[in-house]
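Read through the structure below, which is laid out as structure tokens, and then see the notes.
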Amino acid sequence: MAGAEYTRAWASGSPTPCECVPDGAECCDAASEDRDKLAIERAPSAGIGRFRWRVCAMLLAATTISYIDRQVLGVLAPFLQEKIGWTEVQYSSIVTAFQAAYALGLLCAGAVIDRFGTRIGYALAIGIWSLAAMGHALASGVVSFAAARFALGLGESGNFPAAIKAVAEWFPQRERALAAGIFNSGSNIGAIVAPLMVPVIASRWGWQAAFLFTGVLSATWLTAWLITYRTPDRQPRLSAAERAYIGSETTPATMRISWLTLLRHRQTWAFAAAKFMTDPIWWFFLFWLPKFLHAQYGLSLLELGPPLITIFLMADVGSIAGGWLAGRLIRRGWSVNRARKGAMLACALLILPVMFAARASHLWLAVALVGLATAGHQGWSANVYTLTSDMFPRHAVASVVGMGGFAGAVGGMLISTVIGLLLQATGSYVPVFMMAGGAYLLALLVVQWLAPRLEPVVMDSTDRPEATA
């Protein structure tokens, strides 16, 4: 390696650093490890600190804003469709434009975030989607709405790879599922806030104002992120005890890993398959539930609020409960493999009854069935996302999440097309809810087949094509 790099590390309890030695030699590593162990031993568990949870709160806020942005169209869809005259197939094309851009963005979002880091990568993503969200206010037809949705999907493709990488940077393994569940609950909070906010804004100031307002929220978060976010090793407000607690797991050297390299591992396919089979169901809930409730029960724009809020409140509980359950089982002595898949099975069983939602005789029975399904999906997602940090080193996490997100977006494109054609031809939601109910058990079987023990991926010398400084 041309040009040796030098490292200094402060010895535990020493007023002076170790001697400078090439490439992080043993005395510096040992001093750093001794310092970290000493900090953990001296700090009581309650005194470690909670700064990492502030980071989690920022990830929660970003995910919430992301889902407000994408849910505005879903809430307004039944009424924009009547106003502008979209057919079911045309609406599905607008939805597909978002998912196509989301898929294309995920081809590179994870690699970009791994290359430039969470702080800059996340900022680029939210900057793009902030402008795109406000761009919807200029749309007037199918093509212009599709273009705005495409730009929004391109920006939002960076959200989950960046957030999962931030969780891997800031949390030890035993807390990652809970942290992922908390920030992932922002998808439900966003879906709750949107039906509360959008009908009121649209009624008073017009539908364009709803899109402009969400773009301003995104820009506000971006400013706060750039001011406050740093990795644990560069965050001056982080206590030594908490820094040591976060860094108690060994972190490999940072490197770029190609998708072709990652595709050699069955664990990558397990995560991608789970996303491909179940992400489309969440897309259906987001973009078609308002239309389903409007068509099935004749709800007006303002009447959509209470049912949608109830459904996504249940989803919010499921998101946190799913992550908590896996962590609880691990603390009780279960293996990571058994705990993660046990929680996923519980969530899949919770979703099964949604098969009967389209035939529910009463609005609130349908709401209860769909609410259980959204709760199950979000609990499932909290654990599926955490599979990446269970099985892959931190420097590969964002890339793997990006690959899985790409698979999920492709699945979403396929189901959007199918739904549009089905509704255009039959007007019935029964087949869609049947698919939704059975998808998760089938996905769990595929994960078990591909990764029966959630074995960690070992990156050998052939998996290191290019190291980064």
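Would a scan of the stretch 128-140 turn up a residue that is buried (at least 24 other Cβ atoms within 10 Å of the Cβ) and over 26 Å from residue 400 (Cβ atoms)? Yes, the conditions are met somewhere in the stretch 128-140.
Considering only residues in the stretch 321-330 that are in contact with a Lys or Arg (Cβ under 7 Å, 6 or more places away or on another chain) and among the hydrophobic types (A, V, I, L, M, F, W, C), the one that is surrounded by the fewest Cβ atoms within 10 Å (Cβ to Cβ) turns out to be 330. Consider residue 330 carefully, then state whether it is at pLDDT 95 or above and part of a helix (DSSP H, G or I). No, not satisfied.
Filtered by the rule that a residue be assigned to a helix (DSSP H, G or I) and among the aromatic types (Phe, Trp, Tyr), the stretch 65-124 gives 67, 79, 91, 98, 102, 116, 122.
Would you be able to tell me the number of residues in the stretch 158-194 that are touching a residue at least 60 places away in the same chain (Cβ under 8 Å) and more than 18 Å from residue 377 (Cβ to Cβ)? Counting residues in the stretch 158-194 that are touching a residue at least 60 places away in the same chain (Cβ under 8 Å) and more than 18 Å from residue 377 (Cβ to Cβ) gives 16. Against the condition part of a helix (DSSP H, G or I) and within 16 Å of the chain's Cα centre (by Cα), how does residue 181 come out, does it pass? The answer is yes for residue 181. Within the stretch 126-169, the residues that satisfy the criterion of being in contact with a helix residue (DSSP H, G or I) (Cβ under 6 Å, 6 or more places away or on another chain) and not in a helix (DSSP H, G or I) are 139, 157, 158.
Which of the residues belonging to the stretch 149-173 are aliphatic (A, V, I, L, M) and buried (at least 24 other Cβ atoms within 10 Å of the Cβ)? Hits for the stretch 149-173 are 152, 162, 163, 164, 166, 167, 168.
Here's the yes/no breakdown for (1) of a type outside the set (Ser, Thr, Tyr); (2) over 20 Å from residue 277 (Cα atoms); (3) surrounded by fewer than 19 Cβ atoms within 10 Å (Cβ to Cβ); (4) in contact with a Ser or Thr (Cβ under 7 Å, 6 or more places away or on another chain):
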site: 298; (1), (2), (3), (4): yes, yes, yes, no
site: 319; (1), (2), (3), (4): no, no, no, yes
site: 332; (1), (2), (3), (4): yes, yes, yes, no
site: 336; (1), (2), (3), (4): yes, yes, no, no
site: 342; (1), (2), (3), (4): yes, no, yes, no
site: 363; (1), (2), (3), (4): yes, yes, yes, no
site: 373; (1), (2), (3), (4): yes, no, no, no
site: 376; (1), (2), (3), (4): yes, no, no, no
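Restricting 110, 117 to residues that are in contact (Cβ under 8 Å) with a residue 60 or more places away in the chain and touching a helix residue (DSSP H, G or I) at 6+ places or on another chain (Cβ under 7 Å) narrows the list to 110.
Would you mind stating whether residue 241 is at pLDDT below 85, assigned to a helix (DSSP H, G or I) and surrounded by 15 or more Cβ atoms within 10 Å (Cβ to Cβ)? Yes. Consider the stretch 174-213 and keep the residues that are among the charged types (D, E, K, R) and over 17 Å from residue 58 (Cα atoms). The one that is surrounded by the most Cβ atoms within 10 Å (Cβ to Cβ) is 174.
Would you check if there is a residue in the stretch 307-322 being under 30 Å from residue 203 (Cα atoms), at pLDDT below 85 and either in contact with a Cys (Cβ under 6 Å, 6 or more places away or on another chain) or not in a loop (DSSP other than H, G, I, E, B) (or both)? Scanning the stretch 307-322 turns up at least one residue that is under 30 Å from residue 203 (Cα atoms), at pLDDT below 85 and either in contact with a Cys (Cβ under 6 Å, 6 or more places away or on another chain) or not in a loop (DSSP other than H, G, I, E, B) (or both). With respect to residue 414, is the statement that it is modelled with pLDDT of 85 or more, farther than 14 Å from residue 262 by Cβ, assigned to a loop (DSSP other than H, G, I, E, B) and outside the structural domain of residue 119 (by TED's automatic domain parsing) true? Spelling it out, it is not the case that residue 414 is modelled with pLDDT of 85 or more, farther than 14 Å from residue 262 by Cβ, assigned to a loop (DSSP other than H, G, I, E, B) and outside the structural domain of residue 119 (by TED's automatic domain parsing).
Only one of the numbered conditions (1) in the same structural domain as residue 66 (by TED's automatic domain parsing); (2) under 24 Å from residue 168 (Cβ atoms); (3) not hydrophobic (A, V, I, L, M, F, W, C) is violated by residue 185, and that is (1).
The values are calculated or read from the model by the stated rules, or taken from the named source; none is laboratory data. This structure is a prediction, so every number in the text was calculated from the model and none was measured. Cβ: placed from backbone, ideal geometry, glycine included. Neighbour counts: every protein chain shown.
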